[in-house]
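Notes for the one structure printed next.
The values are calculated or read from the model by the stated rules, or taken from the named source; none is laboratory data. Just so you know, these numbers come straight off a predicted model, no measurement behind them. No Cβ is skipped: glycine too gets one built from the backbone with ideal geometry, and neighbour counts run over all protein chains shown. With ligands, DNA and RNA removed, areas are computed over all heavy atoms of the protein, side chains included. Shrake-Rupley method; radii C 1.70, N 1.55, O 1.52, S 1.80 Å.
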Amino acid sequence: MSALTLDKPPTPAAAPTRRTDRTGPLRGVLKRLLTALFVLFCTATVAFFLVRLSGDPVTILLPPDATAEQERVLRHSLGLDQSLFAQYLDYLRGLLHLDFGDSLVYGQPVSEILADRLPATIELAAAALAVTLVVAIPAGIVAAMRRGRGTDKTVMTGVLLGQSTPPFWVGILLILVFAVWLRALPASGYGTLANLVLPAVTLAVYSVAVVARLLRSSLIDVLSSDHIRSARAKGFGPLQVVLRHGLRNASLPVVTVVGLEVGNLLGGAILTERVFSWPGVGQLTVEAISNRDFPLVQATVLFFAATFVVVNLLVDLSYSFLDPRVRTSR
């Protein structure tokens, strides 16, 4: 009788261990930082060469009857008698030490002038951003919840007007109504809350329209998803469904636009500050361009570019906290 041989079941192969690359997020952050630095370098280079196409600042700084010797001496003292490439290298060396040079008109370091004007611009942009969020978020939520009804049509009409109306025209209209006719608010000035109202509203009109329209569209898409229908089936009210389940899922594109609008508020402050005589960086930029103040123009342009780059970088990094799917895909 032959022996019955029992085969042992094969040992299952060990499942391959999935190694987590812990350096992935850090590498992504470093890549974005290098990209931001490259963008700022390109912006500084373009600003340096473009501003010199506006003309010779010596002709503005000296009186019309100045002699050729006076022009030569002033041009030498300002370093404008050097070659363009030598001036560019000096400019880059200064940027490495955060030295933006001295203003040709004011005779002070550009960094000190910017430090004096920056608080006014930040105050105006922060107030405009607050107005944007306070008005746009409720408007977008109401329009999405009342889609196709009179409330929705009213909000979308306001959005259309806000996106198609030039900000400087809005500012002039607000001055005409509230400062000239009603005499309720000052037309210009700085230092009080009353001085801040009209410029902040003027600057926020376009941003309110953009954020409200995008939030409405995002919420409409989210409210038609399965988990929203499940929340409604559990007995949650319409507002509770939107605030607890819909708003966070619809916030990712809205955060992107709000981040971009922060840069737009700072950059768009140029015209608004001009209309309301607001003593910020925007007003300073217009004055520097008119006076051909090369170092000051270069510094203000770099400031606005750095604002856009930093805000976009922060928005990009915030995606992983708002949406776990973005975190796992990186």
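The rows are residues; the columns are (1) assigned to a loop (DSSP other than H, G, I, E, B); (2) charged (D, E, K, R); (3) in contact with a Pro (Cβ under 7 Å, 6 or more places away or on another chain); (4) at pLDDT below 75.
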position: A231; (1), (2), (3), (4): no, no, no, yes
position: G235; (1), (2), (3), (4): yes, no, no, yes
position: L243; (1), (2), (3), (4): no, no, no, yes
position: R274; (1), (2), (3), (4): no, yes, no, no
position: A305; (1), (2), (3), (4): no, no, no, no
position: V309; (1), (2), (3), (4): no, no, no, no
position: L313; (1), (2), (3), (4): no, no, no, no
position: S318; (1), (2), (3), (4): no, no, no, yes
**Report entry** Any hit, segment 92-104, residues being open to solvent by 70 Å² or more (accessible area, probe 1.4 Å), part of a helix (DSSP H, G or I) and more than 28 Å from S188 (Cα to Cα)
**Finding:** yes
Query raised in the report: For segment 167-184, which residues satisfy the criterion of being farther than 15 Å from T272 by Cα, of a type in the set (V, I, T) and open to solvent by 60 Å² or more (accessible area, probe 1.4 Å)?
Result: V180
Report task. Check L74 against each of (1) more than 36 Å from the chain's Cα centre (by Cα); (2) open to solvent by 60 Å² or more (accessible area, probe 1.4 Å) and name the one condition it does not meet. Result -> (2)
Requested in this report: Report whether or not S164 is within 23 Å of T285 (Cβ to Cβ) and open to solvent by 50 Å² or more (accessible area, probe 1.4 Å).
Outcome: no
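Given the structure, is F100 under 17 Å from L296 (Cβ atoms) and aromatic (F, W, Y)?
Details: under 17 Å from L296 (Cβ atoms): yes; aromatic (F, W, Y): yes.
Taking the combined requirement at face value, the residue satisfies it.
Can you give me the number of residues within segment 103-118 that are among the charged types (D, E, K, R) and more than 12 Å from A299 (Cβ to Cβ)?
Residues of segment 103-118 that are among the charged types (D, E, K, R), as a first pass: 112, 116-117.
Imposing the further condition that a residue be more than 12 Å from A299 (Cβ to Cβ) reduces the set to 116.
The number of residues fulfilling the criteria is 1.
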Report task. May I ask you to list the residues in segment 266-294 that are open to solvent by 20 Å² or more (accessible area, probe 1.4 Å) and over 16 Å from the mean Cα position of the chain (by Cα)? Result -> R274, V275, S277, P279, Q283, V286, E287, I289, S290, N291, R292
